[in-house]
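Asks: Pasting a structure here, questions to come.
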């Protein structure tokens, strides 16, 4: 019969599954012999088999190795009339090497079941099949929680499932949590609140008496595995690696975050036995942790290569002081910034980096503001907005302003800067007047608190003028020109803000009746932006869009169509075909198709854009409303053309 190796992280119920199988097989009369061995060491295996040999064969326990071999020999296949039906369970195997020479034989009438946290290839072989045991499904969790809390005050199913989700559907955790809820007379929501409390230790959230004959709490379920992992080569790196991973997203961490320079420096600092730590060492450490089921490492999905159960993360963090967690949060943030590309061509990577940043913020937000705002806070917010999630970016920056106001104080330069960034996103959401009002307040405070010559003051002044002009203030262009020509310019001519000001002045130039001059200015500006920022930078792409627009306004609609078509290919490559900016670019292309070809062509193109937008955007998304307005315009024009 085929032997089975049940493998999985601590707490998924491997032992319970093996026990259930053994009990059912024995009670049904399908077995003549059942042997259960707690196999946490080689000596424990030898002693367990020797005890079976003494009971069954009368072997001498004074020589356990010989007795164990005698028992294994007795299990060898025999002719049918004498063949016993047996089951040997080797529970909680710690090291596959402990079973060398001690595996029960293959037999048509016998079976071996092994439970282990190890995923070493040595555990599989001829006649053995590895079975991965995972956490409960949501359906299984619903059944378990409903039954376990049936005698407790009945709570809505959504509360039970919220509890299961907070526990990551881990069977051991749900068993102990439900017992704790009943014993303490609290609600599931109260338990979840205690679980989320950073000051509350996971070890304290267990019942006085463990249920179901359990012998260990959730917090201790992984201790032996981690101790063992730390002794594997590279020695001493497993624990600090798992500590770092415990600060990040349980649903997937980019491998680059855990193998980049910040992570390597941290590992070397925490493992003095290692003179230096390389990225190969970091990957080997991840493989050790994977083999011992402390995390899942999937190199083929590099953007979410490492997954760690949320309760493993919580148990690891519980062993750290608040100061240690804060230090780890900054290391994780440094790693995220290093892995974050300036141009987000890969939307899946960007989503993963945002999710991991959110996880660090959730665990140790305060650490990212002291002694000053960490740059990852702005990479996260900018990424949200550039992904088209402008409302989320505004809500996020509103919180950043609140936290920096509390932790850094209202006069701190980063608090003032965060206010300016939040105001800028108001404008991105369509509220130019609101942005002007907010930036005016920020600029006044900066001039008073930081001084008129401070770099932040110097940055906000042209930003305010840009939004004043967007809000219809024609006098703002003069302020932009003065800023750009200032001999005391604190910003490099190659800074993205400088390109934004030059672009706005070129737009103003065309708007005063000289579109050909605007085209020439944009051609020169595009050359500079491509040289300095690169062809795929969002500023460079935006300048190409402005150039295409002014080519059309200068009397070359065919040129505008060709330019927009080429630009669309790059937008789709860099940002993705479903990015809001890509959709708006297609809408502008459709507009010039209407000018160059026919209203019917614009209608067809805009309908296609709307169909695609409706698949990925909220029905009330601002961009959807804008494109609908353009479609209505061209539909009306198409109807007029047909009546002529």
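Asks: Just to be sure I understand, how many residues within the range 427-459 are crowded, with 18+ Cβ neighbours inside 10 Å and under 17 Å from residue 471 (Cα atoms)?
Replies: Within the range 427-459, residues that are crowded, with 18+ Cβ neighbours inside 10 Å and under 17 Å from residue 471 (Cα atoms) number 6.
Asks: Can you run down the residue pairs with Cβ atoms below 9 Å, 6 or more apart or on separate chains, where the first is in the range 530-550 and at positive phi and the partner is part of a helix (DSSP H, G or I) and at pLDDT 90 or above?
Replies: 534/540
Asks: In addition: It is to be established whether one or more residues within the range 126-140 are within 33 Å of the chain's Cα centre (by Cα), in a strand (DSSP E or B) and more than 21 Å from residue 10 (Cβ to Cβ).
Replies: Looking through the range 126-140, at least one residue is within 33 Å of the chain's Cα centre (by Cα), in a strand (DSSP E or B) and more than 21 Å from residue 10 (Cβ to Cβ).
Asks: Same structure again: Consider residue 300 carefully, then state whether it is assigned to a loop (DSSP other than H, G, I, E, B) and farther than 23 Å from residue 118 by Cβ.
Replies: No, not satisfied.
Asks: Provide a single number: the residues in the range 362-391 that are assigned to a helix (DSSP H, G or I) and either in contact (Cβ under 8 Å) with a residue 12 or more places away in the chain or surrounded by fewer than 15 Cβ atoms within 10 Å (Cβ to Cβ) (or both).
Replies: 20
Asks: Something else: May I ask you to list the residues in the range 160-189 that are surrounded by fewer than 17 Cβ atoms within 10 Å (Cβ to Cβ) and either at pLDDT below 80 or over 17 Å from residue 314 (Cβ atoms) (or both)? Talk me through it step by step, then tell me what you get.
Replies: From the range 160-189, those surrounded by fewer than 17 Cβ atoms within 10 Å (Cβ to Cβ) are 162, 165, 182-187, 189; that's our starting set.
Answer for the range 160-189, where residues must be surrounded by fewer than 17 Cβ atoms within 10 Å (Cβ to Cβ) and either at pLDDT below 80 or over 17 Å from residue 314 (Cβ atoms) (or both): 182, 183, 184, 185, 186, 187, 189.
Asks: Quick check on residue 558: is it surrounded by fewer than 20 Cβ atoms within 10 Å (Cβ to Cβ), closer than 26 Å to residue 635 by Cβ and in the same structural domain as residue 613 (by TED's automatic domain parsing)?
Replies: Considered against the rule, which asks whether it is surrounded by fewer than 20 Cβ atoms within 10 Å (Cβ to Cβ), closer than 26 Å to residue 635 by Cβ and in the same structural domain as residue 613 (by TED's automatic domain parsing), residue 558 comes out as no.
Asks: Restricting attention to the range 190-209, which residues are loosely packed, with under 15 Cβ neighbours inside 10 Å and assigned to a helix (DSSP H, G or I)?
Replies: Selection gives 190, 193, 196, 203, 204.
Asks: Another question, then. So residue 300 passes all but one of these: (1) over 17 Å from residue 236 (Cα atoms); (2) surrounded by 15 or more Cβ atoms within 10 Å (Cβ to Cβ); (3) at pLDDT below 95. Which condition number does it fail?
Replies: Answer for residue 300: the failing condition is (2).
Asks: Of all residues being out of contact with any helix residue (DSSP H, G or I) (no Cβ under 7 Å at 6 or more places or on another chain) and without any contact (Cβ under 8 Å) to a residue 24 or more places away in the chain in the range 616-627, which is nearest to residue 387 (Cα to Cα)? Just the residue, please.
Replies: 618
Asks: Still on this model: So residue 175 fits all but one of (1) part of a strand (DSSP E or B); (2) within 16 Å of residue 14 (Cα to Cα); what number is the exception?
Replies: Failing condition for residue 175: (1).
Asks: While we're on this one: Restricted to the range 15-60, and to residues that are closer than 23 Å to residue 94 by Cβ and either assigned to a loop (DSSP other than H, G, I, E, B) or not assigned by TED's automatic domain parsing to the domain that holds residue 91 (or both), which residue is nearest to the chain's Cα centre (by Cα)?
Replies: Out of the qualifying residues, it is 40.
Asks: Among the numbered criteria (1) at pLDDT below 85; (2) farther than 30 Å from residue 341 by Cβ, which one does residue 596 miss?
Replies: For residue 596, the failing item is (1).
Asks: Residue 420 fails exactly one of the following numbered conditions: (1) free of Cβ contacts under 8 Å to residues at least 12 places away in the same chain; (2) over 27 Å from the mean Cα position of the chain (by Cα). What is the number of that condition?
Replies: Unmet condition: (1).
Asks: Let me ask something else. Among the residues of the range 99-132, count how many are surrounded by fewer than 18 Cβ atoms within 10 Å (Cβ to Cβ), touching a helix residue (DSSP H, G or I) at 6+ places or on another chain (Cβ under 6 Å) and either modelled with pLDDT of 90 or more or not assigned by TED's automatic domain parsing to the domain that holds residue 36 (or both).
Replies: Summing the residues that are surrounded by fewer than 18 Cβ atoms within 10 Å (Cβ to Cβ), touching a helix residue (DSSP H, G or I) at 6+ places or on another chain (Cβ under 6 Å) and either modelled with pLDDT of 90 or more or not assigned by TED's automatic domain parsing to the domain that holds residue 36 (or both) in the range 99-132 gives 0.
Asks: Please verify whether residue 165 is outside the structural domain of residue 38 (by TED's automatic domain parsing) and farther than 21 Å from residue 38 by Cα, treating the condition exactly as stated.
Replies: So residue 165 fits the description; yes.
Asks: So, one more: Among the residues of the range 70-118, which ones are free of Cβ contacts under 8 Å to residues at least 60 places away in the same chain, within 17 Å of residue 51 (Cα to Cα) and part of a helix (DSSP H, G or I)?
Replies: Passing the criteria: 70, 71, 72, 73, 74.
The values are calculated or read from the model by the stated rules, or taken from the named source; none is laboratory data. In this text the structure is predicted, and so the values were computed from the model without any measurement. Cβ atoms come from the backbone with ideal geometry, glycine included; neighbour counts cover every protein chain shown.
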